[in-house]
Amino acid sequence: MSTERSLTTSEAYLAEYLQWLTIEKGRSRATIEAYRRDLTKLLEWMKGAKRELATLRDADLERYCNQLRRQKRAETSIARAVASIRGWFAFLVVEGYLTSDPSALLRGGRRGRSLPKPLGEDEVTALLDSIPDTTPIDLRDRALLELLYGTGARVSEVVGIGLGDLDFDEELILLTGKGSKQRLVPMGSTLKTALRDYLAPRGRGLFPDARKDTPLFLNARGGALSRQGVDLIIDKRALTVGIDRARISAHVFRHSCATHMLAHGADIRVVQELLGHVSISTTQIYTAVAVTSLKREYQNAHPRAHD
């Protein structure tokens, strides 16, 4: 007899929501796990309080958040839990599982600005230089990571690049970002070399389909490389050089690209254009990261930085 437990209705709704976040919204594994933890704790509380989704009220959710505060949870943690709850209930209403949203008036603690955590320049160099040029997979991975770091592109933009989006003569790459907005980003010399090596007969050339709309990056079977595939590649290559996989993702390459450019004197408007930010205030976050890094290096290196 099977000992598997059937999912409750609430658990099934949660599983569906997490799948939607993964497939439709393209959320990272870390984000999905954070939502899973927050919402699973809510379900556990509901079970103990004998509450059901259909009868849950805003006062119930307020009591739950007050319990988190009594547990001395950080305000940032409570704010994240509230965001998870509100996102899930909004989904349940849109999908018709609930007729009203009890979380609509829910407010969490004030979240402090969380600064991106880029890799160090030496870490990026070590990671990229550790990839050999022995196999087609090596060539692909080197080109992929060079592109992520060299352009600061989002992972969704990278997996969407077609062969026709590369212009080697002008050294430009056409990216299609959020809302189908397109922008051109430069192809640096190192990236250009990595792409040419990958596209050579011993690399991607093993798959002869060269139509302009054919994906640039392919998996081992010749199909389009997925976001999950990119995650696995990054995990594998990070492990090789001893970088903690919890510290690295496709988005960390984007953070690193912006932070390192600003640290080397790039104009913030140029970085804004490169990353495809609508508002420069988004890009300014990386200025704060660069300044924080500068202060740290100063404290470590200047002989009169300490008493």
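See the values below:
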quantity	calculated
Qualifying residue in region 3-18 (condition: touching a Lys or Arg at 6+ places or on another chain (Cβ under 8 Å), open to solvent by less than 90 Å² (accessible area, probe 1.4 Å) and in contact (Cβ under 8 Å) with a residue 24 or more places away in the chain)	yes
Odd one out for Leu61 among (1) open to solvent by 30 Å² or more (accessible area, probe 1.4 Å); (2) over 20 Å from the mean Cα position of the chain (by Cα)	(1)
Residues located in region 2-18, provided they are more than 14 Å from Leu53 (Cα to Cα) and at pLDDT below 90	Ser2, Thr3, Glu4, Arg5, Ser6, Leu7
In region 216-246, residue modelled with the lowest pLDDT [restricted to those that are in a loop (DSSP other than H, G, I, E, B) and open to solvent by less than 40 Å² (accessible area, probe 1.4 Å)]	Gly222
Residues being out of contact with any His (no Cβ under 8 Å at 6 or more places or on another chain) and in a loop (DSSP other than H, G, I, E, B) - total across region 18-41	4
Entirely in region 86-202, the helices (runs of 4 or more DSSP H) that have 2 or more residues that are open to solvent by 50 Å² or more (accessible area, probe 1.4 Å) and more than 16 Å from Val230 (Cβ to Cβ)	121-129, 189-199
Boolean, Val241 is β-branched (Val, Ile, Thr) and within 18 Å of the chain's Cα centre (by Cα)	no
From Asp307, Asp213, residue being open to solvent by 80 Å² or more (accessible area, probe 1.4 Å), at pLDDT below 90 and in contact with a strand residue (DSSP E or B) (Cβ under 9 Å, 6 or more places away or on another chain)	Asp213
Residues being over 19 Å from Leu175 (Cβ atoms) and touching a helix residue (DSSP H, G or I) at 6+ places or on another chain (Cβ under 7 Å) - total across region 235-259	9
Residue satisfying all of: in region 205-238; more than 26 Å from the chain's Cα centre (by Cα) and not aromatic (Phe, Trp, Tyr); nearest to Ile161 (Cα to Cα) among these	Lys212
Failed condition for Thr31, given (1) open to solvent by 80 Å² or more (accessible area, probe 1.4 Å); (2) modelled with pLDDT under 90; (3) within 26 Å of Ser156 (Cα to Cα)	(1)
Which numbered condition Arg80 misses (of (1) among the charged types (D, E, K, R); (2) within 30 Å of Glu157 (Cα to Cα); (3) surrounded by fewer than 16 Cβ atoms within 10 Å (Cβ to Cβ); (4) in contact with a helix residue (DSSP H, G or I) (Cβ under 7 Å, 6 or more places away or on another chain))	(3)
Residue within region 292-302 that is modelled with pLDDT of 80 or more, part of a helix (DSSP H, G or I) and surrounded by fewer than 17 Cβ atoms within 10 Å (Cβ to Cβ) present	no
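The values are calculated or read from the model by the stated rules, or taken from the named source; none is laboratory data. The structure displayed is predicted, hence computed values, not measured ones. For neighbour counting, all protein chains shown are included, and Cβ atoms are generated from backbone atoms with ideal geometry for every residue, glycine included. Note: accessible area is taken over every heavy atom of the protein model, side chains too, but ligands, DNA and RNA are not part of it. Shrake-Rupley method; radii C 1.70, N 1.55, O 1.52, S 1.80 Å.
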